[in-house]
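Working notes, beginning with the structure itself.
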Amino acid sequence: MLLDQIQCWEATDVNDPMTQAAGRLYEQTLAPDERIPWVWIEKSLERVGRAAGWRKHLLLAAPASRQTDPAALAGYAYGAFIPGYGGYLCYVGVADWARRMGVGTRLFEAFFRAMDADAQTADDSLPFVVWESHRPSPDASPADREVWNARVRLFDRVGGLWVEGIDFLSPNFADDDGDPVPLQLFVKPMDRSAAEFNDARVRAMIDGLHERVYRNDPGDELYDGTFPPGCRPRLVPARLAAGMKLVFSV
Ligand SMILES: CC(C)(COP(=O)(O)OP(=O)(O)OC[C@H]1O[C@@H](n2cnc3c(N)ncnc32)[C@H](O)[C@@H]1OP(=O)(O)O)[C@@H](O)C(=O)NCCC(=O)NCCS
(Lines give C-alpha, C1' and ligand atoms only; values in the text may rest on other atoms or scores of the structure.)
Protein backbone atom coordinates (compact mmCIF):
# COMPACT_ATOMS: atom_id res chain seq x y z
CA MET A 1 0.00 0.00 0.00
CA LEU A 2 1.26 3.47 -0.79
CA LEU A 3 1.68 5.85 2.10
CA ASP A 4 -0.36 8.55 0.38
CA GLN A 5 -3.38 6.24 0.26
CA ILE A 6 -3.74 6.42 4.03
CA GLN A 7 -6.14 9.09 5.28
CA CYS A 8 -6.54 10.39 8.83
CA TRP A 9 -9.75 11.89 10.11
CA GLU A 10 -11.48 12.70 13.37
CA ALA A 11 -14.02 10.31 14.92
CA THR A 12 -17.07 12.08 16.32
CA ASP A 13 -19.70 9.34 16.64
CA VAL A 14 -19.36 6.53 19.19
CA ASN A 15 -21.84 4.42 17.22
CA ASP A 16 -19.86 4.63 13.99
CA PRO A 17 -18.51 1.12 13.19
CA MET A 18 -15.08 2.70 12.55
CA THR A 19 -15.04 4.14 16.09
CA GLN A 20 -16.06 0.75 17.46
CA ALA A 21 -13.27 -0.88 15.46
CA ALA A 22 -10.89 1.64 17.04
CA GLY A 23 -12.02 0.42 20.48
CA ARG A 24 -11.13 -3.16 19.57
CA LEU A 25 -7.78 -2.12 18.11
CA TYR A 26 -7.05 -0.03 21.22
CA GLU A 27 -7.48 -3.07 23.46
CA GLN A 28 -5.39 -5.25 21.14
CA THR A 29 -2.48 -2.84 20.83
CA LEU A 30 -2.00 -1.63 24.43
CA ALA A 31 -1.41 -3.60 27.64
CA PRO A 32 -4.14 -3.26 30.30
CA ASP A 33 -1.90 -1.37 32.74
CA GLU A 34 -1.07 1.19 30.04
CA ARG A 35 -4.59 2.20 29.10
CA ILE A 36 -7.74 3.77 30.52
CA PRO A 37 -11.07 2.01 29.87
CA TRP A 38 -12.22 2.59 26.28
CA VAL A 39 -15.59 3.78 27.56
CA TRP A 40 -13.87 6.91 28.98
CA ILE A 41 -12.65 7.73 25.50
CA GLU A 42 -16.14 7.18 24.08
CA LYS A 43 -17.56 9.53 26.69
CA SER A 44 -15.06 12.22 25.73
CA LEU A 45 -16.28 12.03 22.11
CA GLU A 46 -19.78 12.89 23.27
CA ARG A 47 -18.41 16.09 24.76
CA VAL A 48 -16.41 17.20 21.70
CA GLY A 49 -17.12 20.80 20.83
CA ARG A 50 -17.34 22.16 24.35
CA ALA A 51 -15.82 25.62 24.30
CA ALA A 52 -13.76 25.52 27.51
CA GLY A 53 -11.37 22.96 28.97
CA TRP A 54 -9.54 20.13 27.28
CA ARG A 55 -10.14 19.65 23.56
CA LYS A 56 -10.02 15.90 23.04
CA HIS A 57 -9.52 14.16 19.71
CA LEU A 58 -9.78 10.59 18.51
CA LEU A 59 -8.10 10.34 15.11
CA LEU A 60 -8.53 7.33 12.85
CA ALA A 61 -6.50 6.15 9.86
CA ALA A 62 -7.50 3.89 6.95
CA PRO A 63 -6.84 3.54 3.22
CA ALA A 64 -8.70 6.32 1.40
CA SER A 65 -11.00 3.94 -0.47
CA ARG A 66 -12.00 2.00 2.67
CA GLN A 67 -12.79 4.65 5.26
CA THR A 68 -16.10 2.99 6.13
CA ASP A 69 -14.79 -0.57 6.34
CA PRO A 70 -14.01 -1.52 9.97
CA ALA A 71 -11.67 -4.30 8.79
CA ALA A 72 -9.54 -1.65 7.08
CA LEU A 73 -8.96 0.50 10.17
CA ALA A 74 -5.19 0.94 10.14
CA GLY A 75 -4.69 2.91 13.36
CA TYR A 76 -5.88 5.45 15.90
CA ALA A 77 -4.49 8.26 18.02
CA TYR A 78 -6.14 9.84 21.04
CA GLY A 79 -5.16 12.93 22.99
CA ALA A 80 -6.05 16.48 23.92
CA PHE A 81 -5.09 20.11 23.78
CA ILE A 82 -4.82 21.35 27.37
CA PRO A 83 -5.21 25.15 27.52
CA GLY A 84 -2.35 26.89 29.27
CA TYR A 85 -0.21 23.77 29.06
CA GLY A 86 0.27 22.12 25.66
CA GLY A 87 -0.70 19.06 23.66
CA TYR A 88 -0.94 15.66 25.31
CA LEU A 89 -0.99 12.56 23.13
CA CYS A 90 -2.36 9.75 25.27
CA TYR A 91 -2.42 6.75 22.93
CA VAL A 92 -1.47 5.68 19.44
CA GLY A 93 -1.72 2.23 17.89
CA VAL A 94 -1.45 0.66 14.45
CA ALA A 95 -3.00 -2.64 13.31
CA ASP A 96 -0.51 -5.46 12.75
CA TRP A 97 -1.20 -5.59 9.01
CA ALA A 98 -0.55 -1.84 8.62
CA ARG A 99 2.74 -1.53 10.51
CA ARG A 100 5.92 -0.08 9.00
CA MET A 101 3.95 1.68 6.28
CA GLY A 102 4.07 5.13 7.83
CA VAL A 103 0.63 4.99 9.49
CA GLY A 104 2.00 5.84 12.96
CA THR A 105 3.90 8.77 11.45
CA ARG A 106 0.74 9.99 9.71
CA LEU A 107 -1.26 9.82 12.93
CA PHE A 108 1.35 11.80 14.87
CA GLU A 109 1.45 14.46 12.15
CA ALA A 110 -2.36 14.69 12.09
CA PHE A 111 -2.38 15.01 15.88
CA PHE A 112 0.20 17.83 15.80
CA ARG A 113 -1.98 19.67 13.25
CA ALA A 114 -5.05 19.22 15.46
CA MET A 115 -3.13 20.66 18.43
CA ASP A 116 -1.98 23.61 16.36
CA ALA A 117 -5.55 24.31 15.26
CA ASP A 118 -6.83 24.07 18.85
CA ALA A 119 -4.18 26.48 20.09
CA GLN A 120 -5.13 28.98 17.42
CA THR A 121 -8.85 28.63 18.19
CA ALA A 122 -8.15 29.13 21.89
CA ASP A 123 -5.78 32.04 21.12
CA ASP A 124 -3.21 30.17 23.16
CA SER A 125 0.37 29.08 22.50
CA LEU A 126 1.44 25.50 21.85
CA PRO A 127 4.92 25.16 23.38
CA PHE A 128 5.04 21.36 23.02
CA VAL A 129 3.21 18.09 22.58
CA VAL A 130 4.10 15.51 25.22
CA TRP A 131 3.46 11.76 25.38
CA GLU A 132 4.39 8.83 27.59
CA SER A 133 5.54 5.34 26.81
CA HIS A 134 6.28 2.24 28.86
CA ARG A 135 9.84 0.97 28.41
CA PRO A 136 10.15 -2.82 28.81
CA SER A 137 12.44 -4.16 31.53
CA PRO A 138 15.92 -5.34 30.46
CA ASP A 139 14.78 -9.00 30.70
CA ALA A 140 11.67 -8.44 28.52
CA SER A 141 10.88 -10.75 25.61
CA PRO A 142 12.34 -10.04 22.15
CA ALA A 143 8.79 -9.16 21.01
CA ASP A 144 8.42 -6.50 23.73
CA ARG A 145 11.86 -5.12 22.90
CA GLU A 146 10.90 -4.93 19.23
CA VAL A 147 7.79 -2.91 20.05
CA TRP A 148 9.91 -0.53 22.15
CA ASN A 149 12.34 -0.09 19.25
CA ALA A 150 9.42 0.57 16.91
CA ARG A 151 8.02 3.16 19.29
CA VAL A 152 11.30 4.97 19.72
CA ARG A 153 12.02 5.02 15.98
CA LEU A 154 8.55 6.41 15.39
CA PHE A 155 9.01 9.07 18.08
CA ASP A 156 12.37 10.00 16.57
CA ARG A 157 10.93 10.21 13.08
CA VAL A 158 8.20 12.65 14.14
CA GLY A 159 10.68 14.98 15.88
CA GLY A 160 10.17 13.76 19.44
CA LEU A 161 12.86 14.15 22.10
CA TRP A 162 13.25 11.87 25.12
CA VAL A 163 13.16 13.30 28.64
CA GLU A 164 16.23 11.53 29.97
CA GLY A 165 16.87 11.34 33.70
CA ILE A 166 13.49 10.43 35.23
CA ASP A 167 10.83 7.76 35.34
CA PHE A 168 7.45 9.46 35.30
CA LEU A 169 5.34 7.53 37.83
CA SER A 170 1.74 7.09 36.71
CA PRO A 171 -1.22 5.26 38.26
CA ASN A 172 -1.74 1.57 37.47
CA PHE A 173 -5.07 1.55 35.62
CA ALA A 174 -5.23 -2.26 35.60
CA ASP A 175 -4.97 -2.57 39.40
CA ASP A 176 -5.80 0.19 41.88
CA ASP A 177 -3.53 -1.48 44.44
CA GLY A 178 -0.77 -2.22 41.95
CA ASP A 179 2.61 -0.55 41.82
CA PRO A 180 2.84 2.75 39.94
CA VAL A 181 3.74 2.36 36.28
CA PRO A 182 7.07 4.03 35.41
CA LEU A 183 6.85 5.77 32.04
CA GLN A 184 9.31 7.50 29.77
CA LEU A 185 8.30 10.94 28.51
CA PHE A 186 8.78 12.26 24.99
CA VAL A 187 8.30 15.83 23.85
CA LYS A 188 7.91 17.48 20.47
CA PRO A 189 8.80 21.18 20.74
CA MET A 190 6.20 23.15 18.78
CA ASP A 191 6.10 26.97 19.20
CA ARG A 192 9.35 26.85 21.19
CA SER A 193 12.64 25.52 19.87
CA ALA A 194 14.28 22.54 21.55
CA ALA A 195 17.07 24.85 22.78
CA GLU A 196 14.52 26.88 24.77
CA PHE A 197 13.71 23.87 26.95
CA ASN A 198 16.14 24.66 29.75
CA ASP A 199 16.05 22.75 33.06
CA ALA A 200 13.26 24.93 34.47
CA ARG A 201 11.02 24.51 31.42
CA VAL A 202 11.53 20.74 31.28
CA ARG A 203 10.69 20.56 34.96
CA ALA A 204 7.58 22.75 34.47
CA MET A 205 6.43 20.50 31.63
CA ILE A 206 6.71 17.40 33.86
CA ASP A 207 5.07 19.23 36.79
CA GLY A 208 2.21 20.19 34.50
CA LEU A 209 1.65 16.60 33.44
CA HIS A 210 1.32 15.54 37.08
CA GLU A 211 -0.83 18.48 38.08
CA ARG A 212 -3.04 18.99 35.02
CA VAL A 213 -3.42 15.38 33.86
CA TYR A 214 -3.01 13.15 36.93
CA ARG A 215 -3.96 15.65 39.66
CA ASN A 216 -0.78 14.84 41.62
CA ASP A 217 0.87 17.58 43.66
CA PRO A 218 4.16 17.81 45.55
CA GLY A 219 3.87 15.51 48.57
CA ASP A 220 1.93 12.88 46.62
CA GLU A 221 3.73 9.54 46.21
CA LEU A 222 3.67 9.56 42.41
CA TYR A 223 4.82 13.17 42.17
CA ASP A 224 7.66 12.81 44.67
CA GLY A 225 8.72 9.44 43.22
CA THR A 226 9.11 11.07 39.80
CA PHE A 227 11.64 13.56 41.16
CA PRO A 228 14.17 11.69 43.32
CA PRO A 229 16.78 13.95 44.95
CA GLY A 230 19.45 15.02 42.48
CA CYS A 231 17.53 14.09 39.31
CA ARG A 232 18.07 16.37 36.35
CA PRO A 233 15.60 15.64 33.55
CA ARG A 234 16.69 16.96 30.15
CA LEU A 235 15.75 16.58 26.50
CA VAL A 236 17.94 14.33 24.35
CA PRO A 237 17.40 12.63 20.97
CA ALA A 238 14.62 10.02 21.19
CA ARG A 239 16.86 7.28 19.84
CA LEU A 240 18.88 7.28 23.04
CA ALA A 241 15.83 5.87 24.85
CA ALA A 242 16.42 2.59 23.03
CA GLY A 243 20.19 2.73 23.26
CA MET A 244 20.43 3.43 19.52
CA LYS A 245 23.49 5.18 18.20
CA LEU A 246 23.27 8.73 16.92
CA VAL A 247 24.44 9.20 13.35
CA PHE A 248 25.90 12.59 12.45
CA SER A 249 26.34 13.63 8.86
CA VAL A 250 28.97 16.25 7.96
C1 LIG B 1 4.70 1.76 17.56
C2 LIG B 1 3.72 1.74 16.36
C3 LIG B 1 2.60 2.76 16.65
C4 LIG B 1 4.51 2.14 15.09
O5 LIG B 1 3.56 2.36 14.04
P6 LIG B 1 3.96 2.21 12.49
O7 LIG B 1 2.82 2.66 11.69
O8 LIG B 1 4.47 0.84 12.24
O9 LIG B 1 5.16 3.25 12.36
P10 LIG B 1 5.72 3.90 11.00
O11 LIG B 1 5.47 2.96 9.86
O12 LIG B 1 5.20 5.28 10.90
O13 LIG B 1 7.29 3.89 11.27
C14 LIG B 1 7.94 4.87 12.04
C15 LIG B 1 9.34 4.42 12.31
O16 LIG B 1 9.35 3.26 13.14
C17 LIG B 1 10.08 2.21 12.52
N18 LIG B 1 9.46 0.94 12.88
C19 LIG B 1 8.15 0.63 12.82
N20 LIG B 1 7.98 -0.65 13.23
C21 LIG B 1 9.21 -1.12 13.53
C22 LIG B 1 9.70 -2.37 14.03
N23 LIG B 1 8.86 -3.37 14.27
N24 LIG B 1 11.01 -2.48 14.28
C25 LIG B 1 11.87 -1.46 14.06
N26 LIG B 1 11.47 -0.25 13.58
C27 LIG B 1 10.16 -0.09 13.32
C28 LIG B 1 9.96 2.51 11.05
O29 LIG B 1 10.99 1.88 10.31
C30 LIG B 1 10.11 4.02 11.06
O31 LIG B 1 11.46 4.35 11.35
P32 LIG B 1 12.47 4.92 10.25
O33 LIG B 1 11.83 6.18 9.74
O34 LIG B 1 13.72 5.13 11.04
O35 LIG B 1 12.55 3.83 9.23
C36 LIG B 1 3.14 0.32 16.13
O37 LIG B 1 4.19 -0.62 16.09
C38 LIG B 1 2.15 -0.11 17.22
O39 LIG B 1 0.97 0.18 17.14
N40 LIG B 1 2.64 -0.83 18.24
C41 LIG B 1 1.76 -1.31 19.32
C42 LIG B 1 1.13 -0.17 20.12
C43 LIG B 1 2.16 0.81 20.60
O44 LIG B 1 3.28 0.45 20.96
N45 LIG B 1 1.77 2.09 20.60
C46 LIG B 1 2.62 3.17 21.05
C47 LIG B 1 2.32 3.44 22.49
S48 LIG B 1 3.28 4.81 23.08
Could you check the range 131-143 and list, in sequence order, the residues that are without any contact (Cβ under 8 Å) to a residue 24 or more places away in the chain and either more than 10 Å from the ligand (Cβ to nearest atom) or in contact with a strand residue (DSSP E or B) (Cβ under 8 Å, 6 or more places away or on another chain) (or both)?
Pro136, Ser137, Pro138, Asp139, Ala140, Ser141, Pro142
Out of Phe108, Phe112, report the one residue that is buried (at least 16 other Cβ atoms within 10 Å of the Cβ), in a helix (DSSP H, G or I), within 10 Å of the chain's Cα centre (by Cα) and of a type outside the set (Ser, Thr, Tyr).
Phe108
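Ala51 - would you say it is at pLDDT below 95, among the small types (Gly, Ala, Ser) and away from the ligand (no atom under 13 Å from the Cβ)? Explain how you work it out, then say what you get.
Numbers: at pLDDT below 95: yes; among the small types (Gly, Ala, Ser): yes; away from the ligand (no atom under 13 Å from the Cβ): yes.
It is true that Ala51 is at pLDDT below 95, among the small types (Gly, Ala, Ser) and away from the ligand (no atom under 13 Å from the Cβ).
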Answer yes if at least one residue in the range 225-233 is more than 18 Å from Phe128 (Cβ to Cβ), modelled with pLDDT under 95 and surrounded by 15 or more Cβ atoms within 10 Å (Cβ to Cβ), and no otherwise.
no
Residues that are within 20 Å of Ala242 (Cβ to Cβ), within 13 Å of the chain's Cα centre (by Cα) and of a type outside the set (Gly, Ala, Ser): does the range 134-143 have at least one?
yes
May I ask you to list pairs of residues, at least six apart or on different chains, whose Cβ atoms are under 8 Å apart, with the first in the range 25-46 being under 15 Å from Thr12 (Cα atoms) and the second being assigned to a helix (DSSP H, G or I)?
Trp38/Gly23; Trp38/Tyr26; Trp38/Glu27; Ile41/Gly23; Ile41/Tyr26; Glu42/Thr19; Glu42/Gly23; Leu45/Thr19
Could you check Ala21 against (1) modelled with pLDDT of 95 or more; (2) buried (at least 19 other Cβ atoms within 10 Å of the Cβ); (3) within 13 Å of the ligand (Cβ to nearest atom) and say which number it fails?
(3)
Cys8 passes all but one of the listed conditions (1) assigned to a strand (DSSP E or B); (2) within 15 Å of the chain's Cα centre (by Cα); the exception is number (2)
Here are the criteria: (1) within 8 Å of the ligand (Cβ to nearest atom); (2) under 12 Å from the mean Cα position of the chain (by Cα). Tell me which single one Glu146 does not satisfy.
(2)
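Looking at Phe112, is it modelled with pLDDT of 95 or more, within 16 Å of the ligand (Cβ to nearest atom) and farther than 22 Å from Glu27 by Cα? Lay out the reasoning, then the answer.
Details: modelled with pLDDT of 95 or more: yes; within 16 Å of the ligand (Cβ to nearest atom): yes; farther than 22 Å from Glu27 by Cα: yes.
So Phe112 fits the description; yes.
Test Ala119 against the criterion of being assigned to a helix (DSSP H, G or I), aliphatic (A, V, I, L, M) and within 13 Å of the ligand (Cβ to nearest atom), and give yes or no.
On the way: assigned to a helix (DSSP H, G or I): yes; aliphatic (A, V, I, L, M): yes; within 13 Å of the ligand (Cβ to nearest atom): no.
Against the criterion (assigned to a helix (DSSP H, G or I), aliphatic (A, V, I, L, M) and within 13 Å of the ligand (Cβ to nearest atom)), Ala119 does not qualify.
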Within the range 156-182, restricting attention to residues that are within 13 Å of the ligand (Cβ to nearest atom) and more than 21 Å from Ile36 (Cβ to Cβ), which residue is surrounded by the fewest Cβ atoms within 10 Å (Cβ to Cβ)?
Arg157
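Of all residues in the range 80-105 being within 11 Å of the ligand (Cβ to nearest atom) and farther than 19 Å from Ala62 by Cβ, which is surrounded by the most Cβ atoms within 10 Å (Cβ to Cβ)?
Once the filter is applied, the top-ranked residue is Leu89.
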Among the strands (runs of 3 or more DSSP E) confined wholly to the range 155-250, which include 2 or more residues that are on the phi < 0 side of the Ramachandran plot and touching a residue at least 60 places away in the same chain (Cβ under 8 Å)?
161-164, 181-189, 234-237
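Might you check whether a residue that is closer than 23 Å to Val14 by Cβ and assigned to a strand (DSSP E or B) occurs anywhere in the range 48-55?
So the first thing to find is which residues in the range 48-55 are closer than 23 Å to Val14 by Cβ, and the list is 48-55.
Those still in the list that are assigned to a strand (DSSP E or B) too: 55.
Yes - at least one qualifying residue is present in the range 48-55.
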Given (1) more than 13 Å from the ligand (Cβ to nearest atom); (2) modelled with pLDDT under 95; (3) under 15 Å from the mean Cα position of the chain (by Cα), index of the condition Phe128 fails
(2)
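The values are calculated or read from the model by the stated rules, or taken from the named source; none is laboratory data. None of the values given here were measured: they were computed from a predicted structure. Glycine gets a Cβ as well: all are built from the backbone with ideal geometry, and neighbour counts include every protein chain shown.
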